[in-house]
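J.: One structure coming up, written as structure tokens, with questions to follow.
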Amino acid sequence: MALIVQKFGGTSVADIDRIRHASGHTAREIAAGNKVIVVVSAMAGVTNQLVEYCNQLSPLATVESRAHYDHVVASGEQVTSGLMALALAERGLPSRAWCGWQIPMTTDSAHSKARIEHIDVRAINESLSRGEVAVVAGFQGITAEGKISTLGRGGSDTTAVALAAAFGAERCDIYTDVDGVYTCDPRIVKKARKLDKVSYEEMLEMASLGSKVLQTRSVELAMNYHVRVQVLSSFDDKPGTFLVDEEELVEQQRVTGIAYSREEARITLVNVENRPGVSAGIFGPLADAGINVDMIVQNVTESGTQTDVTFTVAKTELARALQIVKSGEGMPRFENVHTDSGVAKISVIGVGMRSHAGIAAEMFRTLAEKNINIIVISTSEIKISVLIDEAYIELALRALHTAYGLDAVEEKMV
Ligand code: ADP
Ligand code: ASP
Ligand code: MG
């Protein structure tokens, strides 16, 4: 008898019929003799609606308002967990619904983006041994102060993988609205191809660079605790994509996947005085304010006495970053500052980059052929990212997808 964790995303539990349908996947595992922990997201659209209510009253500025935000937005998952328990009862399957605080699943107190600190396995284990399915509300936990916390958008994936790790589950199945992880977001690139396997490391890069099919933190946990994760569709019965160790990949493509993100904004400081300590002077105060800077490029002007510094921050933090840059405290002198929210970051990812040369050059050539200007470039061992004008995002993704030979081969009728 094995323990399986199943997670159902928002579209898979969007209405009562879909919840009934999802409960069929649980019934199948039970019939096969397995124990099951089910993790559910809020019904599709519910979290967005709850966030919108909060924003009408208070943007996420203070710690106190973030705690209240969590109290509101965590409620969506509570509803679904109860409904799923009712759907299981309809099938004659005993279950118990759990909120994060009832487990308890404790987190730090970084409200709206909390991290799981501990999962008490005792109560759920007792319930499982009574033959009940545990139906857990995803995305939520409880802080040491006894306040409800949430794990950041998409956080139910993390709940599921964390539970799989804590309970030593044989597998963690992430049921969603696509039948696996694709070479690129299939909603944008129609020729995207489903991957049978993807390495933890590549998936981690893809997720953190914008492929929201899995929350980044869930991939990190899966990698650290060797959780066998499968991403699959709740609407058909085909096998999905497995996260695996790199050694398990039989052939390494040059590029495995392409990700994009519309969530960054560019800031350029023009004619900054060029002296030692300038970068520390700019990025120190931003770091102190908890603002994450992603891409950075610095150009020295012809005279060498001045430099232009361009960098990106999350769009949601642009106003705050600008305020810090302009406030002058510890900042080097500069003549002007420009910002642009109409940018997008495109990244090509693949462990094959370690052994293949020329992948960056091919990316730049492909974008040049489409007349797409590159604003900033950043690289790591297994990824290359470029910042471009947001208007060209789809064109760039499709062109790169074809250039790296990722397009699905159309099945020909004979
Ligand atoms: P859920 O509500 O089930 O958690 P999400 O919307 O969070 O579902 O994630 C699934 C979506 O992720 C897909 O509908 C797809 O548009 C998007 N996505 C982005 N990049 C990829 C990718 N590389 N492979 C598959 N899906 C992707
Ligand atoms: N319901 C939450 C969200 O929409 C968590 C999740 O779906 O994973 O972000
Ligand atoms: Mg999701």
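The values are calculated or read from the model by the stated rules, or taken from the named source; none is laboratory data. Since we're looking at a predicted model, the values are computed, not measured. Cβ atoms come from the backbone with ideal geometry, glycine included; neighbour counts cover every protein chain shown. The protein model used for the area step is the full one, side chains on, heavy atoms only, and it has no ligands, DNA or RNA in it. Shrake-Rupley method; radii C 1.70, N 1.55, O 1.52, S 1.80 Å.
J.: Which residues, taken from region 132-185, are hydroxyl-bearing (Ser, Thr, Tyr) and under 17 Å from Glu117 (Cα atoms)? Show your work before the answer.
T.: Keep residues of region 132-185 that are hydroxyl-bearing (Ser, Thr, Tyr), which gives 143, 149-150, 156, 158-159, 175-176, 182-183.
Thr143, Ser149, Thr150, Ser156, Thr158, Thr159, listed by residue number.
J.: To continue, here is another question. Identify the residue in region 1-33 that is over 15 Å from Gln78 (Cα atoms), within 16 Å of ligand 2 (Cβ to nearest atom) and assigned to a helix (DSSP H, G or I) and, among all such residues, is most open to solvent (accessible area, probe 1.4 Å).
T.: Arg18
J.: Please go through (1) surrounded by fewer than 16 Cβ atoms within 10 Å (Cβ to Cβ); (2) not in a helix (DSSP H, G or I) for Gly82 and return the number of the only condition it doesn't satisfy.
T.: The one condition Gly82 does not meet is (2).
J.: Taking interchain pairs and intrachain pairs at least six residues apart, which have beta carbon atoms under 6 angstrom, with the first residue in region 306-319 and surrounded by 18 or more Cβ atoms within 10 Å (Cβ to Cβ) and the second in a strand (DSSP E or B) and of a type in the set (Asp, Glu)?
T.: Thr312/Glu264; Thr312/Asp294
Each row is one residue, and each column tells you yes or no for (1) more than 13 Å from ligand 3 (Cβ to nearest atom); (2) over 23 Å from Gly10 (Cβ atoms).
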position: Val135; (1), (2): yes, no
position: Gly146; (1), (2): yes, yes
position: Gly152; (1), (2): no, no
position: Gly180; (1), (2): yes, no
position: Asp185; (1), (2): no, no
position: Lys191; (1), (2): yes, yes
position: Val198; (1), (2): yes, no
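J.: Which members of region 181-198 meet the condition of being in contact (Cβ under 8 Å) with a residue 24 or more places away in the chain and either surrounded by fewer than 23 Cβ atoms within 10 Å (Cβ to Cβ) or more than 16 Å from the chain's Cα centre (by Cα) (or both)?
T.: The first filter runs over region 181-198 and keeps only residues in contact (Cβ under 8 Å) with a residue 24 or more places away in the chain, leaving 181-185, 188-189, 191-198.
Asp185, Ile188, Val189, Lys191, Ala192, Arg193, Lys194, Leu195, Asp196, Lys197 - these are the residues of region 181-198 that are in contact (Cβ under 8 Å) with a residue 24 or more places away in the chain and either surrounded by fewer than 23 Cβ atoms within 10 Å (Cβ to Cβ) or more than 16 Å from the chain's Cα centre (by Cα) (or both).
J.: Would you say Leu57 is over 20 Å from the mean Cα position of the chain (by Cα), open to solvent by less than 50 Å² (accessible area, probe 1.4 Å) and hydrophobic (A, V, I, L, M, F, W, C)?
T.: Values: over 20 Å from the mean Cα position of the chain (by Cα): yes; open to solvent by less than 50 Å² (accessible area, probe 1.4 Å): no; hydrophobic (A, V, I, L, M, F, W, C): yes.
Against the criterion (over 20 Å from the mean Cα position of the chain (by Cα), open to solvent by less than 50 Å² (accessible area, probe 1.4 Å) and hydrophobic (A, V, I, L, M, F, W, C)), Leu57 does not qualify.
J.: Going by what's in this entry, would Val36 be described as farther than 21 Å from Thr106 by Cα, buried (at least 20 other Cβ atoms within 10 Å of the Cβ) and away from ligand 1 (no atom under 16 Å from the Cβ)?
T.: yes
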